[in-house]
1. With respect to E121, is the statement that it is free of Cβ contacts under 8 Å to residues at least 12 places away in the same chain, surrounded by 14 or more Cβ atoms within 10 Å (Cβ to Cβ) and among the charged types (D, E, K, R) true?
2. Which residue is nearest to V131 (Cα to Cα), if the candidates are limited to region 69-110 and must be surrounded by 15 or more Cβ atoms within 10 Å (Cβ to Cβ) and modelled with pLDDT under 95?
3. Looking only at region 75-103, which residues are of a type outside the set (V, I, T), touching a helix residue (DSSP H, G or I) at 6+ places or on another chain (Cβ under 9 Å) and in contact (Cβ under 8 Å) with a residue 24 or more places away in the chain?
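The values are calculated or read from the model by the stated rules, or taken from the named source; none is laboratory data. Just so we're clear, the structure is a prediction, and the values are computed from it rather than from any experiment. Heads up, the Cβs are rebuilt from the backbone with ideal geometry, glycines too, and the neighbour counts pull from every protein chain shown.
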Amino acid sequence: MPISGADIPQMSHAACYAMRETYISFAKAHCSVLAVEGLRAAIRDYEEKHGLVSEKETTTEEVVRRRLKHVMNPMAGLDIIRTELVTKIEINEGSVRILIDLPADHQFASAIKEDILEKVESLWDIEEVKVVFTE
């Protein structure tokens, strides 16, 4: 949209249009990145659950944190790591204990717990995952 010779309302409209187009492009790119990350995580989970992983990485706190970045906090629309719901991760001889800063009776607690278990239980060297909520 040409701006030279335009009046104030036309320039305002052109600026709004340009900002909207830029935002839409950014949103599309962001969604594409999320889609690729989601597909990679799904493939990795499938391979682990079916014993197809050839390189087995020992589970560390960082490995668990990477997995938990794919668990959403429905209250914020971001993952539970970025929103700091995870306050502590303990790993001890095949057992992982994850402390979540949320009451056990919260409306989203069971969904978050289920998602955490799905992401962490598939690790090859983990036999038990405990999700503990604060009171």
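1. Taking the combined requirement at face value, the residue satisfies it.
2. Here the answer is V71.
3. L85, L102, P103 - these are the residues of region 75-103 that are of a type outside the set (V, I, T), touching a helix residue (DSSP H, G or I) at 6+ places or on another chain (Cβ under 9 Å) and in contact (Cβ under 8 Å) with a residue 24 or more places away in the chain.
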